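*Asks:* Below you will find the structure I want to go over with you.
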Amino acid sequence: MQKLKKTLVIVLAVLLLCGAGFIYFKYYFVFGSGIKTGTLNYVVHKGYLFKTYEGEMILSGVSSKTPGTIQSNQFLFSIDNESVAKQLERMGGMEVELQYKEYLGALPWRGYSKFIVDSILSVRRPTAAPVLLPQ
């Protein structure tokens, strides 16, 4: 009976350690980090139970397989720093350079996205695209 209890305690301890390791790597381990540049579309404060700041940025266009067309690329992100979010709320339509961290999973109180913006590196007015006039 004593040996069974000892074995059960060891198995439970190993399961708890494995569970804690999984939770850490899934939700708290920074998988990647980087910088993205593009035109800020919006930043909103939303949520039912946990109010989080969510944003969208349109990255520079990339050529598609069809000649003459440009495909836009969206970057959906969350912001866990209120002061950064308040600054970004006022920058819609501006070209911004944002530093972010990427996690393997999203937590409800951190935001809907696994990409978390933590700082603003630069802001500039969007450059006007050349207008092609019909001939």
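The values are calculated or read from the model by the stated rules, or taken from the named source; none is laboratory data. Model, not experiment: these values are computed from the prediction. A quick note on method: Cβ atoms are made from the backbone with ideal geometry, for glycine too, and the neighbour counts reach across all protein chains shown. For accessibility, only protein heavy atoms count, side chains too; no ligands or nucleic acids. Shrake-Rupley method; radii C 1.70, N 1.55, O 1.52, S 1.80 Å.
*Asks:* So, in the stretch 1-39, of the ones that are aromatic (Phe, Trp, Tyr) and open to solvent by 70 Å² or more (accessible area, probe 1.4 Å), which residue ends up nearest to the chain's Cα centre (by Cα)? Lay out the reasoning, then the answer.
*Replies:* Restricting attention to the stretch 1-39, the residues satisfying the condition of being aromatic (Phe, Trp, Tyr) are 22, 24-25, 27-29, 31.
Next, only the ones that are open to solvent by 70 Å² or more (accessible area, probe 1.4 Å) stay: 22, 24-25, 28-29, 31.
Values: PHE22: 20, TYR24: 18, PHE25: 16, TYR28: 13, PHE29: 14, PHE31: 12 Å.
Step by step, filter the stretch 1-39, then rank; the result is PHE31.
*Asks:* Consider only pairs whose beta carbons are under 8 Å apart and that are at least six residues apart or on different chains; among these, list those whose first residue lies in the stretch 71-94 and is under 19 Å from ARG124 (Cβ atoms) and whose second residue is part of a helix (DSSP H, G or I) and not basic (Lys, Arg).
*Replies:* Qualifying pairs under 8 Å: none.
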